[in-house]
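Please read the structure below before turning to the comments.
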Amino acid sequence: MTIAPDFINDKKIAQHPAIKYFRFGAPGTPHIWCEGCGIGQIFHYTCIAIEELGLDPNQVVWVGGSGCTGRMCTYWKYDYMHTLHGRPMAYGTGIKIANPSLTVICHMGDGETSAIGGNHLIQTARRNVDIVAICINNYTYGMTGGQHSPTSPTGSTSATSPYGQIENSFDLCKLVAAAGATYVARATVVNPKPAIQYIKKAITKKGFGFVEIAAQCPTFFSRSNKLGDNIDMLEWMKKTYIRKEQFDRLAEDEQSGKIPWGEFVDCERSELVSGLHQLARLRKEE
Amino acid sequence: MNIALAVGTVFTSAPATSWKRKIVSTSEESTPRMYLISMPALVAGCASCIVVISQLRLPRHPGNNRKGYQVSNPRLLTGTHLMNGQVACAEGAIAAGVNLFVGYPITPATEISERLSRRLPQVGAIYLQGADELDSLAIVIGSVWGGYKAMTATSGNGICLMQENIGYAAMTETPCVIVDMMRAGPGTGVATKTAQGDVFQVRYGSNADYSIIALAPESPQEMFDLTIEAFRLSEIYRVPTFVLGDEILAHTRETVIIPPQVHIQERYTTEQCPGPGYKTWAVPEGSRIPPMPAFGEGYCLAVSSFARTEDGSPTQNYSTYKPLIERLWNKVEEDQDALTQVETGWIDDIEILVIAFGPVARSVKSAVKQARAQGIRAGYCRLITLWPFPDRYLKRLGANLNKVLVAEMNMGKVVREVERCLSASTEVELLSKPGIELHRPSEILEAIKRMA
C-alpha cells in the first residue's frame, strides 16, 4: 500500500518531479542513502528521462543488484526486479527476451558492474541486448563500508587499501565500447542536463545503451581520500572530468589525472532480442 | 495404515515397460488412488489414448489449474522414437511449452542445448547460449518474470555455479526447470562418466532455508515424462524444479514414446490488478502460494530476494521473516504426500527392501527378480521424487521392515535420508559405488544374499 509519509506534505517535496515515481512505504523511507550521496540524483535523472520521453511507467522495469545503487530499483513505484550482486544485466536480458516491448533499465554500482558483473557487462554489450545499463560510479563499495573497487583511481585510499590503491583502474566506457555496445556515454552528477540527455538516448537507441555517471560518495570515498564534503566532491569532479573534445586536444602528459566525459559510441549494430524473435518467427513459418 | 499402496505387479527393467509402471500417490487420510499408465493401448494404435503422466492429488489452490490439462499441443512429435535421454528431455521441455532455453555447454548435458537450438525456433520459441551458468539461470529467471516458461540444463559443476541464482529463484518463488545431468566429481571429476553425487547439492546448495522439488528419471522415456512433470510442479509450487538425470541417461538411446497429448500447467496468476499498491507476495486465504503476474501488466511488482513483507518491502523483523521462511520451506515439504512418486515391486511380503533411484534402480529390479527366483523375499522401491524426500511414505513402508539395502552411485547420500526415516531397529546397509561404473545386478544380488 502506498503510504504517504509526513514529508510529502512539504510543498517543496510534493512538487519534486521524481516524487510521483517514488515507492513509499519501505522501511527507512524516504531512502537509505547517506546525506549528500549522488545516487538519489540519478534516480531523479532517470525519472526525468522517462517522463520527457513520455514512456508509460508501467512498461518500464527497473532492475538492480546489491549495494547502495542496487537499492535504487526498490524505490521505483512500478515493476522492479532487485536481483543479485552484479547480475542485473543478465536478469534484464531475460525480461527483455520475454517481453521486448518493455523498457529495461539496470542501475548498477561501479563494483558490481566492473568486478563481479564484469562478464555480464561485456556479454550484454557483445550481444547488444536492447536494455539500458546505468553505472553509478562512486569509486567505492559504499554499502559494505568503503572498500576499493576496480574503478577506484590508482593511489586512492579506502578501507581495504589503506596504503593507497596499487591496482590500475578500469575505464568502463572503453571496455563497453570495445565489447560492442551501440551507445556508450559518460556524464557526472554535476552535468545533469547531459546526463538526462544520455539516459534518454540510451533508452531510445535500439541496442545496448551504457551510461556511466560519476557520483559523489561523501561518506566513504571522500572521507578516506580527504576530498571534503559533497560540495567539495562536486568541485573535485568539475576539475577532474572534462569534455571529451577538450580531453582529446590535450597533450598526453596533460591528460593524466583527467577523465573525459561525453558520448563515446553512437552506432548501429544488430541487436540480440529482435534477432532471436525474428529467427523464431522465420523458422516457425517454414 | 495404508501400506496397501504397494504394487505387486512384476516389473522388468526394460525401458519400454516404464509405461506399465504404476505411480502411486501416498496419503495419510484416505486410500490412495492408483493410476495405470495406459501406454499399451497407444502402442496398439489407439489414437484417442490420453497419456496421464502422473495424476497425483495436488493441493487444491488456484494454481492447480485443471483446465490446463490435456491440451493438445502442436509441439509434440507424437510417435515412437529412438532417443537418448538428453534429446528426450529437450522434447519434453518443448511438449511442456517452454518458451526459452538458456544453457552453457557442459558434458553430459550439451545435447539438450544442441537439440533445443535446432528445435525451439521451429516451434516459435527461443534458444540462447549462456555466457556461463550464472548468466544462463539469471536470464531464465528474468524471462519467467517477463511471463515465459524457461529452462536450463547443466551438470553437477554447473549446478555449483548456479547455486546463487537457485537461492534467488527459491526466495522470489520463480518457477523454472533446471536439468542436472550428474557426472563423476568433485571438481571436474570425469566429464563423460556417471555418478549420483548431486543429491544434496540440488537440495541444500544455496544459502539458508528454502525448498525445491527434484525428480529422478530412470530411462530416456522418463527424461521426457518427468521434464513435463517438472514444469507442471514448478508452476504449481512456484519453486525451481530439478530433473536429476545422469550421464547414463544422457547417452543411452532407447525407445521414447511421445503421446498425442500431455498435461500443461498454466501459470497461476490473478486478474485483479489494482496497480500501485498490489501486494506482490500476498498469499490468498487457504493457500501457501501467491499468484504470479508478469512484468508490464500494470501490477507494479516488487521482486526481490530480500526478506520481505507482503508488499515487497525489505524487512529485518523476526515476526515477518519467520512465516516467510516457514512458508517457503513448508509449501513443498508439508505437501510431500501429494508430491511423492515411487515405483515399487514385490513389497507385499518382504524381508529385504532395496531402495534406489535413477538408472541404478534398473539393476536393482533385475537383482530383486533374481533373488525372488532364488526364494529370497526381496522387494524394491525406486524413488522418483527425491525432494521433498518421501519421509512419511518410507516411514509407513518401513514400519515392519527389518532389512533395507540402499544402492546408489555416491558415498552414501540417500541412505542417510533413509536411515533418518526408519526406526533404529531396522538394519540399513549401503551398497555404494562412487560413480563411473553402474551397479551390476550381480553385485546387488550378492548384497541381498549377504543380508538375507
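Numbers below:
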| quantity | calculated |
| --- | --- |
| Alpha-carbon centroids, the range A:232-286 and the range B:100-139: separation in whole Å | 30 Å |
| Point-charge dipole on Cβ atoms (K/R +1, D/E -1) for the range B:270-333, about Cα centre, debye to 20 | 200 debye |
| Amide H contacts under 5 Å for A:Trp261, placed H, 5+ residues apart | A:Ile242, A:Arg243, A:Lys244 |
| Local electrostatic count, A:Tyr78, Cβ distance below 14 Å [Lys/Arg +1, Asp/Glu -1] | -2 |
| Summed residue charge, Cβ within 9 Å of B:Ala250's Cβ, Lys/Arg positive, Asp/Glu negative | -2 |
| Built amide H within the under 5 Å cut-off of B:Gly147, gap 5+ | B:Phe295 |
| Anchor B:Lys403: aspartates and glutamates whose Cα lies under 18 Å away (excluding residues fewer than 8 positions away in-chain) | B:Asp348, B:Asp349, B:Glu351, B:Asp391, B:Glu417, B:Glu419, B:Glu427, B:Glu429, B:Glu443, B:Glu446 |
| Vicinal HN-Hα couplings computed from phi for the range B:94-100 (Karplus, 6.51 cos²θ - 1.76 cosθ + 1.60; Hz; Gly/Pro x) | 5, 4, 6, x, 5, 9, 8 |
| Anisotropy class of chain A from Cα gyration tensor, a/c 1.5 cut | oblate |
| Segments B:115-121, B:81-87, B:374-380, B:317-323 sorted - mean Cβ within 10 Å per residue, highest first | B:81-87, B:115-121, B:374-380, B:317-323 |
| Fewest-first ranking of B:Val418, B:Val144, using other Cβ atoms within 10 Å as the exposure measure | B:Val418, B:Val144 |
| Inter-chain shielding of A:70-80 (mean C-beta neighbours from other protein chains, 10 Å cut-off) | 5 |
| Peptides ranked, highest mean first, by Cβ atoms within 10 Å: ranges B:272-279, A:33-40, B:288-295 | B:288-295, A:33-40, B:272-279 |
| Rg/Rg_ref, the protein assembly as shown, where Rg_ref = 2.2 N^0.38 Å and atoms are Cα | 1.04 |
| In sequence order, calculated HN-Hα J values of the range A:18-24 (Karplus, 6.51, -1.76, 1.60; Hz; x Gly/Pro) | 8, 5, 6, 9, 8, 8, 8 |
| Net dipole in debye of the protein assembly as shown [+1 Lys, Arg Cβ; -1 Asp, Glu Cβ; about Cα centre; nearest 20] | 1000 debye |
| Equivalent ellipsoid, the range B:346-451 (semi-axes from 5 times Cα gyration tensor eigenvalues, Å) | 19, 17, 12 |
| Selection from A:Trp62, A:Ser149, A:Tyr139 lying farthest towards where the dipole of chain A points positive, charges on Cβ | A:Trp62 |
| The range B:346-451 - charge dipole about Cα centre, Lys and Arg +1 at Cβ, Asp and Glu -1, debye rounded to 20 | 180 debye |
| Listed residue pairs exceeding 18 Å between alpha carbons, taken from A:Lys201/A:Lys239; B:Lys369/B:Lys449; A:Lys193/A:Lys238 | A:Lys201/A:Lys239 |
| Choice from A:Ile231, A:Ile213, A:Ile50 with maximal GNM fluctuation in chain A (Cα, 10 Å cutoff) | A:Ile231 |
| Local electrostatic count at A:Thr93 - Lys and Arg +1, Asp and Glu -1, tallied over other residues with Cβ under 14 Å | 0 |
| Per-residue average of Cβ from other chains inside 10 Å of B:119-129 | 5 |
| Selection from B:Leu100, A:Tyr198, B:Pro314, by position along the positive dipole direction of the protein assembly as shown (Cβ) | B:Leu100 |
| Test item: A:116-126 mean partner chain Cβ contacts at 10 Å | 2 |
| Which listed pairs, of A:Lys20/A:Lys205; A:Lys96/A:Lys284; A:Lys205/A:Lys284; A:Lys284/B:Lys365; A:Lys200/A:Lys226; A:Lys284/B:Lys331, have C-alpha distances above 32 Å, in listed order | A:Lys284/B:Lys365; A:Lys200/A:Lys226; A:Lys284/B:Lys331 |
| Dipole of the range A:31-285, positive direction: furthest Cα of A:Gly207, A:Val265, A:Met72, with charges on the beta-carbon | A:Gly207 |
| Rounded to 5, percent antiparallel among DSSP beta bridges of the protein assembly as shown | 30 percent |
| Distant-in-sequence amide H partners of B:Gln341 (H built 1.01 Å from N, under 5 Å) | B:Ile384, B:Thr385 |
| Centroid-to-centroid separation of the range B:165-225 and the range B:286-307 [C-alpha atoms, Å] | 25 Å |
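The numbers here are math on the coordinates, done by the rules we state, and not lab data. On a predicted model such as this, the values are computed, not experimentally measured, just so you know. Cβ atoms come from the backbone with ideal geometry, glycine included; neighbour counts cover every protein chain shown.
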